[in-house]
Amino acid sequence: MADDLSGRAPTPDRPHDGALPEATYGPGVTTTIHVRQPSGGSHLALGTASETGDEMADLLDAVLSVASELDLPNMLERFVRVSVELTGARYGAINVLDSHGESTTFVQTGVEAAAAKMMGHPPHARGVLGHIPAHGVLRLDDLTEHPAFRGWPAGHPPMGSFLGAAVRVREQVYGYLYLSEKDGGFTDRDASTVVALAATAGVAVANAQLYADGARREHWLRAGQDITTMLLSGADEEEALAHIAATAREVADADAAALALPGVGGELLIELADGHSADTLVGAQLTPGGPTWSVMEEGTGLVMDSLATSRRITVPAMRAFASALFAPLQTSGRGVGVLILLRRVGTPGFEASDLATAESFASQAALAFVLAEARHAQDVAALLDERERIARDLHDLAIQQLFATGMQLETVRRRSARGVDPSELTGIVEEALDNVDASVRQIRQIVYALRDPDAATGIVERLRREASLARTGLGFAPSLIVSLDDQVVADGDYIVADLVDERIGPDRTDDVVAVVREGLANAARHAHASSVAVRVGVHGLGPTGTVRIEVEDDGVGLPKVRDRRSGTGNLAARSRQHGGTFSIGAAPAGRGTLLSWEVPLG
C-alpha cells in the first residue's frame, strides 16, 4: 500500500444512487457493490446477509470506541486496529490527506517497522488507491490484477485481496482506509462494516481536527495576549519582536519564523528570525513585487505551497523552504510589518485555517505595538510637561527670589560706597541672607521631588498614609500621633506640618517613614495585637533637637527565640547612620511590644 500502487490518476466520480455498479477488471477482480447508504442517515442495508446480534454489538462497540477519541493519532490507531479485527484482515492502514491530496497522517498495522521504514513516505491517492470511490468501497480479489497496479516498492510485503473505503463526512473526503490479505477474500459484510466504520471515523477525524483547531486558536489568542502584556508593561521593543517570532513559530508548528519590517529608506527587511536557517534570513532585503511586499501593501495574508519553484521569491535562503504563510502586522489600515512562517520540504503545508489564526495574532500584535507607541508618546509629552513645570517653578520661585536678593545686595553695595553707617545696612543683609536660605530650600525641594515623588508630599501626610495602608495587614486602624515640641499636629494644620518638615529635614524624612512602616509591619506579622499606637515626636532644633518614634502594641510580645532580624537590623542601621539609638522590648504596661527609635536633628 505504497507508491508502487500508483499508476494512473483517479477516475472521475461516477453517478450513483447509493449502490455502486459492479465492475470487472479481469479474472478474479471485482468491485463490490451491494452497499447502500440512505441519505441523511448512518443506517446500512446489506444486499446479502444480515448481521447477528453479537456482530452488531461488536460493530456498535467499535463505533463508540472510535467516535469517543479526540486525539487524532490515537483515534486513527484505534480505527485501523478495530477495522482489522472486525474484518479479519492481516494488514490495515488509514491515510489522512490535506487539501492538496498529500498525506498528513499515515497509520498502519501488520507491516513490520523495519519494512515500513524501508518503504519511505506514505502512499498517495493514485494508482489502484486512486480508484477508491468517495461512496461505497473498492473490493478486489487480487489487487495485483487491477489495471492500475504498477508493482511493489522494495520491502513491501505481497498482498492479494483488498478492501478500500473513503473516510468522509458528507461530501468531504478526509482520507482513505486500506485493508488487505483476508483468507477467503473480503465479503459483503466486511464491506458494510468498513463503510460504517469509515463514516464513524470521518466524523471522529472532523471532531479531532476541530478540537485541535480550537486548541490552536486558544494558543494563538493566549500568545497574542502575552505580546500585548509585554509591550504595554514597558518591555523592550526588540525583545517583544523576538518573542513574537518565537511564539508564532511554536504555535504554528513552523520550522522558521521571520519578521519583515520597514527600514529607514523605505525598504522592507527581515529584521528578526527564529528557528531553522534564522541566521541566513536576518538582514535579507525583500524586493517590491514579491509576496511580502504585496501582503504589506494590501493588508491581506497569503499562503504559498512552494517557495522553491516561485519566481516571486528573490531571497535565496527562503527558497530552501516549501510552504510559507505571510500575515500582515496591520491595524486600522496602518502596516507595521509582515509575519512570515516557513515549513521545510517534506512537511505538511499551511492551510487556510492556519492563515486565519495567524492573521488574528499578527493584528493583535500590531495593535499592541501601536498602543505601546502611543503610550511612549504620552510618556514623552508628560516628561516635557514636567520639565516645563520645573522650569516655571525655578523661575517663579527660586530665580525671582534670588534676583530680588541680588537687588538688595546691590543696594547695600551702593550705600556702603556712599559711606552710610554699617548698622543701617545690617537689616538689609540679614533679609538677603534669609532670602538666600529660602531659595536654597525651594531648589532642594524641587530636586528631591525629581528624585522621589513622595518628597513633594509632607512627612505628616506620608505618615498618615502609612497608617492607613497598615489597616489591611492589622485588621484595624492604628492610632497615629505626630507632635512638634509636645504640640499635636492637627489635621489640616499645614503651618505646623511644614515646620515638622523643616525640623526633620530631607536627609531624615525617608528614614522616619521607613521606621514607622517597619514597626507597623512587625506588629501585623508577629504581635497578634488588638491595638497599635504610633507616636512621632519632634523636639528642639538643629543638632540638639531630636525626632523620636515609638510603635507600641498590646500583642503577645517578643518571641523567646528570634530567627529573623533583617527588619530590626535595618532600623538599627538607620539609627546608627545618624548617630541615634534603637531598641525593641516589652511594653511598659507589661503586655505587648514597644519599638523605640531616636536620632538627632541635623
*Where Ala148 falls short, out of the listed (1) farther than 18 Å from Pro73 by Cβ; (2) at pLDDT 80 or above*: (2)
*Would you mind stating whether Ser483 is outside any helix (DSSP H, G or I) and on the phi < 0 side of the Ramachandran plot?*
yes
*asked:* Being out of contact with any Pro (no Cβ under 7 Å at 6 or more places or on another chain) and modelled with pLDDT under 70: is that true of Asp385 here?
replied: no
_Suppose the filter is under 29 Å from the mean Cα position of the chain (by Cα), on the phi > 0 side of the Ramachandran plot and of a type in the set (Ser, Thr, Tyr); does Ser277 pass it?_
yes
*Report, ordered by the first and then the second residue, all pairs with beta carbons closer than 8 Å, sequence separation of six or more or different chains, a first member in region 401-422 that is in contact (Cβ under 8 Å) with a residue 40 or more places away in the chain and in a helix (DSSP H, G or I), and a second member that is aliphatic (A, V, I, L, M) and surrounded by 12 or more Cβ atoms within 10 Å (Cβ to Cβ).*
Gln401/Ala438
*Do we have Pro147 as touching a residue at least 40 places away in the same chain (Cβ under 8 Å), of a type outside the set (A, V, I, L, M, F, W, C) and under 21 Å from Arg90 (Cα atoms) here?*
no
*Search result, residues across region 299-315 that are surrounded by fewer than 13 Cβ atoms within 10 Å (Cβ to Cβ) and either in contact with a Cys (Cβ under 6 Å, 6 or more places away or on another chain) or without any contact (Cβ under 8 Å) to a residue 24 or more places away in the chain (or both)*: Thr309, Arg311
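The values are calculated or read from the model by the stated rules, or taken from the named source; none is laboratory data. Remember, predicted model here, so these are calculated numbers, not experimental data. When we count neighbours, we look across all protein chains shown, and the Cβ atoms used for this are built from the backbone with ideal geometry, even at glycine.
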